[in-house]
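In what follows, a structure is listed as C-alpha cells, so that the remarks can point back to it.
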Amino acid sequence: MIRKEIEINIPNGLEARPVALLVQVASRYECSIYVESEEKKVNAKSIMGMMSLGLASGEKIFVTAEGTDEQEAFDNIEKYLSSK
C-alpha cells in the first residue's frame with residue numbers, strides 16, 4: 001500500500017473537466033485508489049465522489065493506492081495532480 005500527501009497544482013483546482021480526467025487516469029488501474037481531504041475519503045474512480053470534495057489548487061490531499069499496479073497508478077496520479 002502507498003499513501004502519500006500530494007499538493008494539487010492544477011491551475012483551477014479540480015473542477016468538472018480536471019476531475020473527469022483524474023477519474024480516467026485512476027480507472028486505468030486495477031488497484032484501489034482513494035483520495036482523502038479533511039474528513040472525507042472517496043474512491044478516485046468515482047466522478048461524483050471526486051466532485052464532492054471540491055478541491056482547489058494549492059490544497060493538499062492524501063492519495064492511497066493498494067493493489068498489484070499501485071506504484072504505477074500512484075505515480076501517474078501524482079504526475080497529473082502536480083502538473084501545471
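Computed from the coordinates by the stated procedures, all read-outs in this text should not be read as laboratory data. From a predicted model like this one, the values you see are computed outputs, not experimental measurements. Please note: Cβ atoms are built from the backbone with ideal geometry, for glycine as well, and neighbour counts cover all protein chains shown.
Angle of helix 70-82 to the longest C-alpha principal axis of the chain, folded into 0 to 90 degrees and rounded to 10: 10°.
Could you give the length gained on full extension between E5 and R17, defined as 0.36 nm per residue of separation minus the Cα-Cα distance, in nm? Numbers along the way, then the final one.
Values: separation 12, 0.36 × 12 = 4.32 nm, distance 2.23 nm.
Once the chain is fully extended between E5 and R17, it gains 2.1 nm.
How many percent of Cα pairs in the stretch 1-46 exceed 18 Å? Pairs farther apart than 18 Å: 30 percent.
The per residue volume of the convex hull around the alpha-carbon atoms of the chain is 71 Å³.
Computed per residue of the chain from DSSP H runs no shorter than four, each worth -39500 (n - 2.57), the mean residue ellipticity at 222 nm is -11500 deg cm²/dmol.
Can you pull out the GluC sites (Glu not before Pro) in the chain that DSSP calls coil and that have at most 12 other Cβ atoms within 10 Å? Numbers along the way, then the final one.
Numbers: sites: E5, E7, E15, E30, E36, E38, E39, E59, E66, E70, E72, E78; in loops: E15, E30, E38, E39, E59.
Here the GluC sites (Glu not before Pro) that fit, given the DSSP loop and packing criteria, are E30, E38, E39.
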